[in-house]
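Trainee: Pasting in a structure now, in C-alpha cells, and then I'll have a few things to ask.
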Amino acid sequence: MGKIIDGRAKAAEIKSALREEIANLKKKNIIPGLATILIGSDPGSIVYVNMKQKTCQELGIYSEKITFPESIEAEEVEKEILNLNKREDIHGILVQLPIPPELKYILDLIVPYKDVDGFHPENVGNVANNNEENAFIPCTPQGILSFLEDLTDLKGKNVTIVNHSPVVGRPLANLLLNRDATVTVCHVHTINLQQFTKNADILITAAGVPHLIKADMVKQGVIVIDAGFSRVEGKIVGDVDFEAVKEIASHITPPTGGVGPMTIAMLMKNTVKAASLSLE
Ligand code: GUN
C-alpha cells in the first residue's frame with residue numbers, strides 16, 4: 001500500500017515558518033495584509049474565502065473581505081481594485097474564482113506585485129519563461145510542486161496532468177518543465193486518457209470528475225496527486241478511486257487533507273512574500 005501524503009502536516013510546517021517571517025516583518029512595522037474579493041454567492045467560494053480569512057487570523061495576517069453581488073457593474077469592482085492597488089496596508093489582492101465571464105478582465109488590473117494568486121499575465125509569463133524568481137506562483141500548483149519535490153527528483157520523469165486550466169494545469173505544466181520533467185497535459189476532451197495516465201511516473205489530476213482515475217489506469221509505484229473535489233451523496237471525493245489506487249501507488253494524496261490545506265498555506269506564503277517585497 002502506498003504512503004498517504006499528509007497535506008495538513010506539510011501545511012502546518014509551512015505556516016510555522018511563516019509565523020517567524022511575520023514576526024520579523026512586524027519588527028519592521030509591517031503587518032502583511034490580504035484583501036479578498038468575493039463576487040456572488042457560490043457556496044464553495046464562500047467556504048474557501050472564509051477558510052483563507054481564518055488562516056490569516058491564525059497567522060497574524062490582516063485580512064479584509066470585500067463582497068459584491070453577482071449583478072455588480074464591472075466599474076465598481078474596477079474602482080475597488082484600483083483603490084486596493086494603492087493601499088499601503090494591503091500587500092496581496094485575490095479575487096475568488098469563479099467570476100462572471102464579463103468580469104474576467106479585472107484580474108489583469110491587480111498590480112503584479114500584489115497578485116498573490118499569480119494570475120496576472122506578467123506573473124504567468126515569468127513562470128512560462130522559467131523566470132520564477134520574479135513571479136508569484138499560483139497557490140495550488142505551488143503546493144503540488146512542494147509535495148513532489150519532497151518525494152522525488154523531477155528531472156526526466158513522465159508527469160501526466162489531467163487539467164488544462166489557468167489555475168492548475170497550465171502553470172503546473174510550466175513549473176514542471178522548468179524542472180526538466182517530461183510533461184503531458186490531458187483534459188476532459190482527451191481521447192483515450194488511460195494511454196497517458198498509464199505511462200505516468202507522476203499523475204496529477206484536477207478534473208472534478210469523481211473516481212475518473214481507476215486502478216487499471218495507473219502503473220505500479222506511481223505518485224498520485226489528486227486536486228479534484230466533488231461531493232457525492234454528501235461525501236467529499238476526489239478524481240481518483242482512492243481505495244483501489246492507493247494499493248498500486250507509491251505515494252498518494254487523500255481526498256481531503258491533501259492538496260487543499262497546501263493551497264491555503266501557499267496563499268499565506270505569497271502574501272508574506274508580497275509584504276516583504278514592499279520593503280524593497
Ligand atoms: N478558485 C479555485 N481555486 C482558486 C484559486 O487558487 N484562487 C482563486 N482566487 N480562486 C480559486
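Trainee: Among what's in the stretch 107-118 and is under 24 Å from LEU172 (Cβ atoms) and aliphatic (A, V, I, L, M), pick the residue that is surrounded by the fewest Cβ atoms within 10 Å (Cβ to Cβ). Before the answer, list the steps.
Mentor: So the first thing to find is which residues in the stretch 107-118 are under 24 Å from LEU172 (Cβ atoms), and the list is 107-108, 110, 112-118.
Next, from what is left, pick out any that are aliphatic (A, V, I, L, M): 107, 110, 116.
Details: LEU107: 19, ILE110: 24, VAL116: 30.
Filtering first and then ranking leaves LEU107.
Trainee: Of the residues that make up the stretch 226-235, is at least one assigned to a loop (DSSP other than H, G, I, E, B) and surrounded by fewer than 15 Cβ atoms within 10 Å (Cβ to Cβ)?
Mentor: yes
Trainee: Yes or no: ASN29 more than 21 Å from the chain's Cα centre (by Cα) and on the phi > 0 side of the Ramachandran plot?
Mentor: For ASN29, the condition - more than 21 Å from the chain's Cα centre (by Cα) and on the phi > 0 side of the Ramachandran plot - is met.
Trainee: So in the stretch 33-43, with the set limited to residues that are in contact (Cβ under 8 Å) with a residue 60 or more places away in the chain and out of contact with any Leu (no Cβ under 8 Å at 6 or more places or on another chain), which one is farthest from the ligand (Cβ to nearest atom)?
Mentor: So the residue we want is GLY33.
Trainee: Can you tell me which residues in the stretch 69-115 are within 12 Å of the ligand (Cβ to nearest atom) and either touching a residue at least 60 places away in the same chain (Cβ under 8 Å) or more than 23 Å from the chain's Cα centre (by Cα) (or both)?
Mentor: If the condition is that a residue be within 12 Å of the ligand (Cβ to nearest atom) and either touching a residue at least 60 places away in the same chain (Cβ under 8 Å) or more than 23 Å from the chain's Cα centre (by Cα) (or both), then GLY92, LEU94, GLN96, LEU97, ILE99 are the ones that fit.
Trainee: Right, something else. On the basis of being surrounded by 16 or more Cβ atoms within 10 Å (Cβ to Cβ), in a loop (DSSP other than H, G, I, E, B) and more than 16 Å from the ligand (Cβ to nearest atom), does THR160 make the cut?
Mentor: no
Trainee: State all residues of the stretch 47-67 that are of a type in the set (Lys, Arg), within 15 Å of the ligand (Cβ to nearest atom) and more than 13 Å from VAL116 (Cβ to Cβ); if no residue qualifies, say none.
Mentor: Listed by number, the list holds a single entry, LYS65.
Trainee: Among the residues of the stretch 65-78, are any among the hydroxyl-bearing types (Ser, Thr, Tyr), in contact with a Lys or Arg (Cβ under 8 Å, 6 or more places away or on another chain) and farther than 25 Å from LEU172 by Cβ? Reasoning before the result, please.
Mentor: Pass one, the stretch 65-78, residues among the hydroxyl-bearing types (Ser, Thr, Tyr): 67, 71.
Then keep just the ones that are in contact with a Lys or Arg (Cβ under 8 Å, 6 or more places away or on another chain); that gives none.
Within the stretch 65-78, none of the residues are among the hydroxyl-bearing types (Ser, Thr, Tyr), in contact with a Lys or Arg (Cβ under 8 Å, 6 or more places away or on another chain) and farther than 25 Å from LEU172 by Cβ.
Trainee: Can you spot a residue in the stretch 184-204 that is within 19 Å of the chain's Cα centre (by Cα), surrounded by 19 or more Cβ atoms within 10 Å (Cβ to Cβ) and either charged (D, E, K, R) or over 20 Å from THR263 (Cα atoms) (or both)?
Mentor: yes
Trainee: State yes or no: is VAL209 part of a loop (DSSP other than H, G, I, E, B) and either under 23 Å from the mean Cα position of the chain (by Cα) or surrounded by fewer than 16 Cβ atoms within 10 Å (Cβ to Cβ) (or both)?
Mentor: Spelling it out, VAL209 is indeed part of a loop (DSSP other than H, G, I, E, B) and either under 23 Å from the mean Cα position of the chain (by Cα) or surrounded by fewer than 16 Cβ atoms within 10 Å (Cβ to Cβ) (or both).
Trainee: THR190: among the hydroxyl-bearing types (Ser, Thr, Tyr) and assigned to a loop (DSSP other than H, G, I, E, B), yes or no? Even if it seems obvious, please write down each step before you answer.
Mentor: Working: among the hydroxyl-bearing types (Ser, Thr, Tyr): yes; assigned to a loop (DSSP other than H, G, I, E, B): yes.
When the stated conditions are applied, THR190 passes them.
Trainee: Report, by residue number, each residue of the stretch 224-265 that is within 16 Å of the ligand (Cβ to nearest atom), within 30 Å of LYS198 (Cα to Cα) and of a type outside the set (Val, Ile, Thr).
Mentor: ASP226, ALA227, GLY228, PHE229, SER230, ARG231, GLY238, ASP239, GLY258, GLY260, PRO261, MET262
Trainee: Moving on to the next point. Residues ARG179, ARG170: which one is within 15 Å of the ligand (Cβ to nearest atom) and charged (D, E, K, R)? Full working, then the answer.
Mentor: On the way: ARG179 fails: within 15 Å of the ligand (Cβ to nearest atom).
The match here is ARG170.
Trainee: Another question, if that's okay. Any idea which of GLN96, GLN142 is closer than 25 Å to GLU280 by Cα and not basic (Lys, Arg)?
Mentor: Residue meeting the stated conditions: GLN142.
Trainee: Provide a single number: the residues in the stretch 251-280 that are part of a helix (DSSP H, G or I) and either charged (D, E, K, R) or within 16 Å of THR55 (Cβ to Cβ) (or both).
Mentor: Adding up the residues that qualify gives 17.
Coordinate-derived values only; no laboratory data. The shown structure was predicted, so the numbers you read here are calculated from the model rather than taken from an experiment. Don't worry about glycine lacking a Cβ; one is built from the backbone with ideal geometry, like all the others, and counts go over all protein chains shown.
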